[in-house]
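Visitor: Quick one: this structure, given as structure tokens, is what I'll be asking you about.
Taken together, the values in this text are just the output of simple stated rules run on the coordinates, not laboratory data. Because the structure is predicted, anything quoted here is derived from the model rather than measured. Cβ placement follows ideal geometry from the backbone for every residue including glycine, while neighbour counts extend to all protein chains displayed.
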Amino acid sequence: MVVLAHGELEQISLPVVHKPTNFFSDVPVIDLSDPESKARLIGACEELGFFKVTNHGIPMELMAKLEDEALRFFSLPQVEKELSASSPGPFGYGSKKIGGNGDLGWVEYILLEITSKPISHSSLSFLKEPSASLFCSVLNEYITAVRKLACEVLELMAESLKIQPKNVFSKLVTDSESDSMLRLNHYPPCPHLQGLDCGLTGFGEHTDPQIISLLRSNNTSGLEISLRDGSWVSVPPDQSSFFINVGDSLQVLTNGRFRSVKHRVLANSAQSRVSMIYFGGPSPRERLAPLPLLIEEGKQSLYREFTWCEYKRSAYKTRLSDNRLGQFEM
Ligand code: GA4
């Protein structure tokens, strides 16, 4: 733990961890324009639950525009940002507190609910015109593009697993009631720990509850993933690509064949990191259980059926690092 001054008087204790030594040079890369590269998708989902996507078709300018808008918001005075913290549930602006159960990190964020309707000015009521209109239109353009990419990747997964219909996974996130979100994270530089061999936790270790997460960040490092042997490795940043995580729900649908990757973010001592993550989730009513076609011969279902609503309700009672799937295992 490290105690940092927070605002005028308040002090806040943030967790520290030992820094991994190396960048991980073996992140699987799936080039969407290369059929041979696509063949590596299943291996990446089984081995790591994590891969990088290139030639994804989302214009760099769109990603840069959203990053600029996010940074414009994060550079507002703290009091103005706090005005947006009052929206219901976990949505809106947050700083250092993650979830409602005591997790802390060196991060500030905006969490937005994605519904079938475009994001409107009212959900960004804290921003004054004309910033709000610009932010909204960039957000909506980005969400449309990233959802399309998520579907393309999910369809590729179904095809590679040789299961029909090919939209078996993607239909869950295109459902008009899909419970998806967009998170904009800002990890300010943290000079306090410069030169030490420990890192300050920006976002503590966890797996994502949804089906799939698509992350785009600027070129500041910080994202780490846990390998099968439990070791942590740092992922070299790449602002022009997307990093994709298998979420808990996809682990369930594939009966554990795909792995929901444990990941975390360490704050950088010198540069700020900005990331935007799309979390594609199913409708609250959706029943989740291993797809019969994916229960291998002689094997049993590893999970009992549950609804996304049930899973989310229990997930929101947990701490970030908890194993949320445990209680649904058979
Ligand atoms: C992790 C993935 C997403 O960021 C998130 C997070 C959510 C939150 O920040 O409110 C949770 C976390 C995430 C999992 C366990 C619970 C809920 C914080 C937390 C302690 C938006 C999500 O869907 O689950």
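Visitor: Quickly work out the R313-to-E152 label distance, labels modelled 7 Å from Cα along the C-beta direction, and quote it in nm with one decimal.
Guide: 3.8 nm
Visitor: Between F23 and S272, how high is the FRET efficiency from 1/(1 + (r/R0)^6) when r is the Cβ-Cβ distance and R₀ = 22 Å? Nearest 0.05. Could the numbers behind the result be given before it?
Guide: Details: r = 19 Å, r/R0 = 0.88.
Given R0 = 22 Å and the Cβ-Cβ separation, E is 0.70.
Visitor: Full-extension gain between R72 and E296, please, as 0.36 nm times their residue separation minus the C-alpha to C-alpha distance.
Guide: In short, 75.6 nm is gained.
Visitor: Could you give the nm distance between label points at I163 and S137, where each point is 7 Å from its Cα heading toward the beta carbon?
Guide: With each label point 7 Å from Cα toward Cβ, the separation is 4.1 nm.
Visitor: Got a sec? How would Y316, Y278, Y93, Y303 order by Cβ neighbour count within 10 Å, fewest to most?
Guide: In order of increasing Cβ crowding within 10 Å: Y316, Y303, Y93, Y278.
Visitor: Please compute the length gained on full extension between A39 and L83, using 0.36 nm multiplied by the number of residues separating them and subtracting their Cα-Cα distance.
Guide: 11.1 nm
Visitor: Over 26 Å between Cα atoms, which of K19/K262; K97/K312; K52/K171; K96/K148; K65/K262; K117/K171 qualify?
Guide: Correct reply: K96/K148; K65/K262.
Visitor: When a/c reaches 1.5 or more, the comparison of a/b and b/c decides; with that in mind, is the stretch 124-200 rounded, prolate or oblate per its Cα gyration tensor? Walk me through the intermediate numbers first.
Guide: Values: a/c = 3.62, a/b = 1.40, b/c = 2.59.
Since a/c reaches 1.5 but b/c is at least a/b, the shape of the stretch 124-200 is classed as oblate.
Visitor: Among DSSP beta bridges whose residues both lie in the chain, state the antiparallel percentage, nearest 5.
Guide: DSSP beta bridges in the chain are roughly 95 percent antiparallel.
Visitor: Full extension from N101 to C198: what is 0.36 nm times the residue separation minus their Cα-Cα distance, to one decimal in nm?
Guide: On the way: separation 97, 0.36 × 97 = 34.92 nm, distance 2.44 nm.
Once the chain is fully extended between N101 and C198, it gains 32.5 nm.
Visitor: Compute a Gaussian network model of the chain, connecting alpha carbons closer than 10 Å, and tell me which residue from V29, V79, V146 fluctuates the most.
Guide: V79
Visitor: What's the exposure ranking of H263, H192, going from fewest to most Cβ atoms within 10 Å?
Guide: H192, H263
Visitor: Let me ask you something else. How would you rank V235, V53, going from fewest to most other Cβ atoms within 10 Å of each one's own Cβ?
Guide: Ranking V235, V53 by Cβ neighbours within 10 Å, fewest first, gives V235, V53.
Visitor: How big is the gap, in Å, between the Cα center of the stretch 193-262 and the Cα center of the stretch 24-87?
Guide: 11 Å
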